[in-house]
Every structure is written in C-alpha cells, then in structure tokens.
2 protein chains.
Amino acid sequence: MSVTAPLGFTAAGLIAGLKPSGTKDLSLVVNTGPDTAVAAVYTSNRCKANPVLWSQKASANGQARAVVLNSGGANCYTGDFGHETTTLTAQATADLLTEAGTATQAEDILVCSTGLIGVGGQDFRDTIIDNLPPLVAAAEDSVAGGKHAAEAIMTTDTVAKTATREGSSGYTIGGMAKGAGMLAPGLATMLVVITTDAKVDQALLDQALRASTSQSFDRLDTDGCMSTNDTVILMSSGAHDAAVDTDEFTSLLRELCLDLMHQLHVDAEGAHHDIAITTQGAASEAEAVEVSRSVSRSALFKAAIFGQDPNWGRVVAQVGTTSATFDPTAIDVIINGTEVCRASGPYEDPEKVTFDRNVDVVIDLHAGDATATVWTSDLTHDYVEENSAYST
Amino acid sequence: MSVTAPLGFTAAGLIAGLKPSGTKDLSLVVNTGPDTAVAAVYTSNRCKANPVLWSQKASANGQARAVVLNSGGANCYTGDFGHETTTLTAQATADLLTEAGTATQAEDILVCSTGLIGVGGQDFRDTIIDNLPPLVAAAEDSVAGGKHAAEAIMTTDTVAKTATREGSSGYTIGGMAKGAGMLAPGLATMLVVITTDAKVDQALLDQALRASTSQSFDRLDTDGCMSTNDTVILMSSGAHDAAVDTDEFTSLLRELCLDLMHQLHVDAEGAHHDIAITTQGAASEAEAVEVSRSVSRSALFKAAIFGQDPNWGRVVAQVGTTSATFDPTAIDVIINGTEVCRASGPYEDPEKVTFDRNVDVVIDLHAGDATATVWTSDLTHDYVEENSAYST
C-alpha cells in the first residue's frame, strides 16, 4: 500500500526502459484531494539536480497535485536540456491529469530523479515522456499501485521500502523510500514520498516534516557523501475528516521517518554491520550529533568494525577532531556493552566485545545531558566493489 | 644520511623490542650545536598523545637538544602512566647525554611515538628506558646513524623516507619521515624530523616550517583521518657558518617537505592510485584547498578511481558540499587530460580517459585566479584489508 494507504491517493509504477536491468523505473503518486497541501525538504548540496531545482520552485507555494519519479538517471549536470526535460515531464503529466478530469498546471507537479549523474539526454527524455500516458492511466483509481510506485524508484536497493502509521482519530500516514548508497547528511541520497489523509494545514505539514527529517534521515550517514537529488515530500489530501492531535501527528511522522530510515540503513550498499553511534553526556544535542557524525565518517573506524576490531582509539581520535565541549582525558567509549575505554584510557578488555550485525557504540563526553545517535555502515570490500564498478 | 646530512647532528636507531616484527623501533637524533634552535608543528587533534603534550611544552622556548622517537606504540590515551613514561624517557635521555659530556635538561628532549593508540603500559615503558643507554651510545659521533634512525620510526611504511637539499652558500637541510596511513590535514599521521646546519634564528625556523608544512603535509589527505601523534620538528645546529638567503632557505625547506610528502603519498596504505586534485580558477587559495580536500574525502570518488571509472559526477557533487565561490552551472572537470565535464555537463567522452598509477583531477571553478592541489589515494580492497586487520 505504502503511499496509497491514506485516503485520497492513487499511484502507479511501470517499466519505461530507463534501467538496463529492465525493472520498473517510472513512478507516479497522485493526490486526489480534497486538499493538495505539500511540504518538502531537498538536498543542501549546492550543485542540485534539475528535478530538485524544478521541484523547489514548484513546491514553494505549499501545493502540489502529484509527484513523478524515475530511477535509471539522475538528470543532474545535464545542462539546459536536462532542465527542459524536467519541465516537459511536469507539463505532460499536468496535461494528462487535466485530460483525465483534474485541472492541473505544470507547477502542481513535482519531479524526482535518481540514478547516475550526467544521465539525462534525448533517450532519457523520450523514454519518460512516451511512458507518461500509460503511467497516468495506470494510476487512475489505483490504490494497489502504491506497491509498484515504491518498486519503480529502486536503484541499487535490494528491497522496496514502505511504512504506514495510523493516528488515534483514524487518519493514516504512508510512505515509500529509496536509497542504498551515498547516504549522508543534509539528507541521505534518497527519494522519499510520504502521504497522509489527515486534515492538517500546510504550516503544520512543513513544521512536522522538518522536525522529523532532522532526527531521522539527516542522521543516517553511511559514507559521508551528500547527494545532488535528495528529496523528501509530504503530501496531505485531507480526505479523512477527523480532528488531528498535532503532537501525535508529528510523533507518528517522526516514527515513520525513522522506520524508513532504518530500512535504508540495513540495505546500505555493501554493509556488513549496521552501526549506531550514540554520543551522550554532551553539552547540546548539536554537539552530540557533531561527535557521532565525526565518528561515522572515519574510514579507519568503519574498516575496523568490518574486521570486528573494537578499536576505540579510532573513536577517541575522531572525537578530538570536533569542536564539541569535552575534557580530552575524560572520554568513555562503550562498544556493544563493553566499556573498552574509560577516562580516555584502556578499561575493559576489548577481547570481551562480541559482534553481530548490529553494532552499538556509545561515547560519553561527561559534559552535559544531551544525547544523539547517528547511524552508519562499516567499510567493506563489498562497498569498494559496488562503488568502483557502478558506472562502468 | 637523512637527518645527519647537515653538520652538527648525530643519530641512531636500534631494535628495542617494541614491535612484534622485531625490526628497529627506537630512534634518536641529537643536535651537537653550536645552536640548538627548534621549531615544531603538532597535530590539531584535541585528543593528543602524551608525547605531543610533552613536546609541545618542551619546544615552546624554541630550544631542543635531541628528539627520541619510537614506533610500536603511540602512548596515546594511556593516562597518567603514559604521560609519566614520556617524562621519564626525556629525563633518562637528558641524564645520559649529560653523562656523555653535554649538559642537558629533560625539557631539552622532545619525544615522539607512533603505533597503536592505547599501547603504552609497563612493558612499553621498560623497553624504552632499558634501551636508552645503548641508543645514546650508538648516536655518539654517528653520522651513519641517520639511516638507522629513519628505519626505526617505520610502522606500516614499506620504505624509509629521507631527503636532503643544499643551499647555495653550502648549508644542508636533511629530513626523515614516517607515515603510511591515517594521513590527514592539520597534519598527516606522521613523524617528521628535519635538521639543518644553516645559521638561522629561531623565528625564521618557525616561520619557514609553518609556511612549508601548510603547503605540503597539510595537503596530503589519504583518508580524512586526523592522527593524535603528528609531529614535524625542525632543528638547526648553525654549524655551517655562512650567510643564508631567507627566501632560498624557505623555498628549499618547502621543496624538501614536498619531497617527503610525496614519498608518504606513494607509500600510503593499500593505495593503487596516487591522486592529485587541483582546483583552479578559485576565488582564493583557501577555497581551492577546501574544494580539493572535499573531493579527496569522497569515498565514492575514491572507489571510482580504484575502478578506473572517470566518474566526474562524484567530483561535482563534492564541490557542491563546499562553501567556495562558484556558479553551479559553470564547473569544468578534467581527468588525466580529458575534459569529461564542461560547464557542469558532460563534454568529452569518458571512454577517452586512460589510467595509470598517477591520476590528475583538475577542477576549474571559473571564479578567480587561485590554485591549490590536495593529494589523496584511492579506496581499495587493500585499504579495507589493512585497516580492518591492523590491531587484531
């Protein structure tokens, strides 16, 4: 069901032919209303893909009717031609929806692309435009299309990622996500579409989305690389006309974002260990995030975890690169429950640490009460293999 | 010859037994004068090893008689005991030099350690202290000891690194370096000792050293990880009493630092390609460094180079994460002479790019006249292997 779990949404996904693998690669999510409120967050990379440049403008008024998404090409750094392709995609989709009975402007259509940077030429354009009529037709009245839509945005993902949550007054939130590599802050390389039938105004949508992504997707940092195409979109149809508790809605949305984030995490390219790095005793949440993130970006630490080596020295060395508040002689490090480092010195025997897929690293700065977790993956031969052979 | 190429220096290196490999691991460089001026730069990591904490204080007055260096243990995060070991090492060395006829205080002895973090217990201390008498004896009058000293600081280095330069008035600069992994800014994990018999005052030594390291060691960034033990020491004996051209001295020192840096670069752990990332057309040298460094830290870019994939999209994506001045639609990328990206779009066919050990990446921001190069390595299976199995 994913994005079609809430009332007021239809969706479709089909094989357009963008991906050499021959699997689904073109996706559509339509908000049939009555409301068409939207909130969105985009990559903070300054070199943004054409669909991001387009969608940022199109979503600025807080309204959107539909999202068209493709895998098999990022349409990034493809120049004016690439930007025109995005515009034509939005226009053609709007025309098709209008023909089908829902008056729609190009500016009501958001566009997302994922795949290789630099891919977005004539074939790419033609393949998308030619397949929009069957895509729009397939989405009509199709609640079952939510599954296909989630499948059609997969790239190196091994499984489609979806999640749903229900509010106590009966409304639903549904979501789909893709992303397996290049996950980093300021958003992971991911496309996420979340839908809800809750009757909430656009200001709340926006506020709840930012609060949720900053504590979920923004804290997944598998390889420190920030994508050019990251987009998280939240649309509300308002089709379930019951009172909404604002706090509950925000809390459920954050839960759903964390759920999707963990699905991205465990499917990260080439990972053998799913690592959670929690910094506690920090002077502020921001400093806790800074410290956890710095450790999540240490190639040496990540390689050590691959080798199941509880090399706490590489953790403390990363802490030392941050500007957080701490006493360099008072840092504790606990790996999978074993306190291998106390007061910045050896403590429990590292031989006691046992490893499985999940690795928990806790850093205590003894500088305050704030805590935050950043999730990352280990650095493995498979990561090197996947990312050295991806485009060739 | 290395550090003993200039007049006024003796050195030694021997097998103390710190390294399981049974190779040389304890090293001494003595400045026999007449001058004992010293300048030094240390890691900017806030979690510093004990020898760094000691040497920073000891070198603060600009004078030093000798440097004791060990491999086989970093004496980092080893608590009060570890700090006492460093103090005892300096005191014992000073006593031995005094007995041999050169009145020396502990504060005249700098100490450097390299190896695993957390190693620095009783055995480590005893092994060093017990071997100082033969080490000091071996250094006496020993110009040949320069070679042994360079060998005794090796860890995962496959070769000893040394270099010399001669000034037009006849003075000499000599140096030795170690470092093969964990190379990063704010210094690579490296120990470097440079000596000169040039008659230069301490202020010039300090100024020339900072100017040289900022353009050499600080721009080698093989894996983004900043060490806890990095130290570069420059000592002057003033034993060659001829006029020194200040500009020439600074220039030769920078050349020697670049020479040693390149030796570290080509010996980086697990590297298959030695990558030079030059950013040109930048608004300032600092922005050029920022852009080159951001690319040097992209795991995806480094994995692509390992796969000989001229994946320029991963270059532009990294440029987009910086705060440098540029137009996101005007970036050029040239890989090994082929302009694979012009104006942020595909240009020459990436198939034209050929690869050998050296890879040159040029990024043109078209935003000014400044240029800078950062050197890095590719991300390989061997890197993962070496760093996942290092301490176990």
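Since every read-out is calculated from the coordinates, none of them should be taken as a lab result. Values in this document were obtained by computation on a predicted structure and should not be read as measured data. When we count neighbours, we look across all protein chains shown, and the Cβ atoms used for this are built from the backbone with ideal geometry, even at glycine.
Brief remarks follow.
- For B:Ser142, the residues whose amide H sits under 5 Å from its own are B:Ala11, ignoring neighbours fewer than 5 places away on the same chain, with H placed 1.01 Å from N.
- Vicinal HN-Hα couplings computed from phi for the stretch B:19-25 (Karplus, 6.51 cos²θ - 1.76 cosθ + 1.60; Hz; Gly/Pro x): 9, x, 5, x, 9, 4, 8
- Pairwise FRET efficiency - A:Asp201 versus A:Ala100, Cβ, R0 = 35 Å, nearest 0.05: 0.80
- Rg(Cα)/(2.2 N^0.38 Å) for the stretch B:242-315, N = residue count: 1.45
- Inter-chain neighbour count for B:303-316: the average number of beta-carbon atoms from partner chains within 10 Å of each residue's beta-carbon is 6.
- In order through the stretch B:329-343: 3J(HN,Hα) via Karplus (6.51 cos²θ - 1.76 cosθ + 1.60), integer Hz, x for Gly, Pro: 9, 10, 8, 9, 10, 10, 10, 6, x, 9, 7, 6, 9, 10, 6
- Projected over every direction and averaged, the convex hull enclosing the alpha-carbon atoms of the stretch B:143-261 yields 7.0 nm².
- Angle between chain B longest axis and helix B:246-266 axis [Cα atoms, degrees, rounded to 10]: 70
- This model, with +1 at the C-beta of Lys and Arg and -1 at the C-beta of Asp and Glu, gives the stretch A:1-93 a dipole about its Cα centre of some 140 debye.
- Once the Cα atoms are used to define both axes, helix A:285-296 deviates from the longest principal axis of chain A by about 80 degrees.
- Summing Cβ point charges (Lys, Arg +1; Asp, Glu -1) relative to the Cα centre of the protein assembly as shown gives a dipole of roughly 80 debye.
- Degrees, to the nearest 10: A:202-214 long Cα axis against longest axis of chain A: 30
- Extent along the principal axes, Cα only, for the protein assembly as shown: 100, 53, 37 Å, with the longest axis given first.
- Residue by residue, the stretch B:125-141 carries 3J(HN,Hα) couplings of 4, 4, 4, 5, 4, 5, 9, 5, x, x, 5, 5, 5, 5, 6, 4, 6 Hz when phi is fed to the Karplus relation 6.51 cos²θ - 1.76 cosθ + 1.60 (θ = phi - 60°); x denotes Gly or Pro.
- Summed side-chain charge close to A:Phe326 - residues other than A:Phe326 whose Cβ falls under 9 Å, Lys, Arg +1, Asp, Glu -1: -1
- Projected over all directions and averaged, the alpha-carbon convex hull of the stretch B:274-388 occupies 6.6 nm².
- Against the empirical curve 2.2 N^0.38 Å, the C-alpha radius of gyration of the stretch B:1-81 lands at a ratio of 1.23.
- Of interest is the spacing of the C-alpha centroids, which for the stretch B:33-91 and the stretch A:106-170 amounts to 60 Å.
- Among B:Gly307, B:Thr86, B:Val362 - extreme Cα towards positive end, dipole of chain B, charges at beta-carbon: B:Thr86
- Calculated over chain B: convex hull of Cα atoms, volume per residue (Å³): 127
- DSSP beta bridges in the protein assembly as shown [antiparallel fraction, %, rounded to 5]: 70
- Around A:Leu252: net Lys/Arg minus Asp/Glu count, Cβ-Cβ under 11 Å: -4
- Cβ-based charge dipole, the stretch B:2-266, positive-most Cα from B:Phe124, B:Gly170, B:His265: B:His265
- A simple count of charges around A:Ala370, restricted to other residues whose Cβ falls under 10 Å of its Cβ and scoring Lys, Arg +1 and Asp, Glu -1, yields -3.
- Distant-in-sequence amide H partners of A:Lys161 (H built 1.01 Å from N, under 5 Å): A:Ala177
- Inter-label distance for A:Ala60 and B:Asp245, nm, one decimal - labels placed 7 Å from Cα along Cα-to-Cβ: 5.9
- Each Lys and Arg adds +1 at its Cβ and each Asp and Glu adds -1 at its Cβ; summed about the Cα centre, the stretch B:106-182 shows a dipole of about 380 debye.
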